[in-house]
Structures are given as C-alpha cells and as structure tokens.
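Presented below is the structure to which this report refers.
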Amino acid sequence: MQDKLTRRIRRIDRALCITAAAAGAVFLALAAASFPLVSVRYEVHTDKVTKPFRIVQISDLHSCAYGEDMGELVALIDEAKPDAIALTGDIYDDKLDNSNTRTLLSQIGNRYTCCYVAGNHEWNEGADWAQIREDARSMGVQVLEGENITIGEVTLCGSCITDDSDTWVDAVRRCAKGTGDDTFNVLLVHFPESIDYYRAFKTFDLILCGHAHGGQWRLPWTQNGLFTGSQGFFPKLSGGRFDYDDTTLIISRGLSRVKEPLPRIFNNPEFVVIDIIPE
C-alpha cells in the first residue's frame, strides 16, 4: 500500500513539474513575442488644417536601447519624415544610465522639431530635472513647461509635471491660454488619467500622453491592459485611441521594455505616428 501511495505521489509531482515547465515556456514565449518594437499609426481629421501634418510620438523610453547607436528608432523616425516629434515624458530615467536617451536626442534634436515634456521619472528622487532639461536643450530639443510652439497650422502645447502640483496645473492653464481658434491645438502631457481636466479647457483638439505603459499585460485584441500604478487594476486609459466629442486622446504604450520587473505580454513597445489630415 505504501509503495502504491509513493508511486502515485511521484506521478502527481511529475505532472505538476511538467505543467509548471509548460506554463513557464508559454510565459517566456509570450514575453519574447511582446518584446519587438511595433509601429502604430493614427489619422485625425480636422477642418483646422489645409495640408497634412505628421507627428511622431516617443514616450516612456526610459533610456532603453534600440539597436546600435539607437539606429532602429532613428531609422523609423527618418522613414516617417515627421513635421514634429512629441516626446511625452519619461524619456530619461531616474535610476538607469541615460546614455541611450542622449544618443537618440543627439541625432534628432537638431534635425527635427522635437518638443519635450517631463514625466514622473524625470522628477523622481534620484533625477535632476534642471540638469536633464539643460542636457536636452543642448541637443536642440525644445523643452516645454507651459509654453506653446506653432508650426504652420498646428500649435504644440507642452505641459511638464513638476514637484509642485499647483505649478503643473498652472502649466496646463498657460498652454490653454496660448492657443487660438485658428490653429489645431495639440497638448503634450504625460498623464492620461487627467483627461477630464484637459478637456475642461475646451481648446485642445488632440491630447498625447504616455505613462501607463499599456497596462504592462493585456488580453489579445483589447485596448487596455491589466494594471497601472496610477489607475490600479483594469485601467480605463492605458493605451490606444479615445475619441470624445470635443477632442481625441492618444496614449502611447511606450518604449520601455527592460525596466519593469515583469515583461510585457501582448503589449509590444510602440513607435507612434499621427497624421493630422484636412477634413
């Protein structure tokens, strides 16, 4: 009887080990499939422009590597031929080495109109926003802290997070105040969960955000992911496009793919291209 029980326990142990190994293999395969960079394109139609305007959005890079000398990202940018590049926060990191970010900015800052707003990791303890800001500017990047830049028929409005929430709120107000009815107004800001606040100004035609990393894990063919630090489980705004009656919100799933303790699943890092098209 004891021998039979022992053999049965061994069979159960082997089955459990095989199941665990299979589950681990599936997990690793899904993580590997979710590692490569993908390009995502959006079109926004409006009667505020008479000719197309293209924006490349780079968000939540966290100084991750994309090829030798960041060649993979640079090649995609050059191929897209953007009219402007929107850098929507967490481009630098507060803990990782930022040489990859500097390599990227040194190649694009003086060749394209690059508009940069800070995210939380540029302000976290361990980061030096004043130094980061000057570093980016030295490479030709325009850091926007409540300022707007108009390029033809499009106004890019940049609101940085700061260590004083009132200052950040004021930055959005300054952006809104600097817009006009005769241009297509694009707000660059890091956090998507404050969408109701941004919409309250009734002046931003397009809002570009990041921060949520796509929810890190998501089910196939769904828009939102499993968890974000600022929205909790099953966040409503973690990635993709959201059309409201007065504006369009686009949330990049970001480019970070090595910083997080858990790999991305069904949530590839994104290179985002947005075409503003005459209606």
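The values are calculated or read from the model by the stated rules, or taken from the named source; none is laboratory data. Owing to the predicted nature of the structure, the values given are computational and were not obtained by experimental measurement. Glycine gets a Cβ as well: all are built from the backbone with ideal geometry, and neighbour counts include every protein chain shown.
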Specify the residue that is farthest from Ser99 (Cα to Cα); the eligible residues are those in the stretch 36-46 that are under 20 Å from the mean Cα position of the chain (by Cα) and buried (at least 16 other Cβ atoms within 10 Å of the Cβ). Val44
Restricting attention to the stretch 239-259, does a residue exist that is on the phi > 0 side of the Ramachandran plot and surrounded by fewer than 14 Cβ atoms within 10 Å (Cβ to Cβ)? no
All but one of (1) part of a loop (DSSP other than H, G, I, E, B); (2) farther than 30 Å from Gly180 by Cα hold for Gly214; state the number of the condition that does not hold. (1)
Going through the stretch 184-225 one residue at a time, which ones are at pLDDT 95 or above, surrounded by fewer than 20 Cβ atoms within 10 Å (Cβ to Cβ) and touching a Ser or Thr at 6+ places or on another chain (Cβ under 7 Å)? Arg199
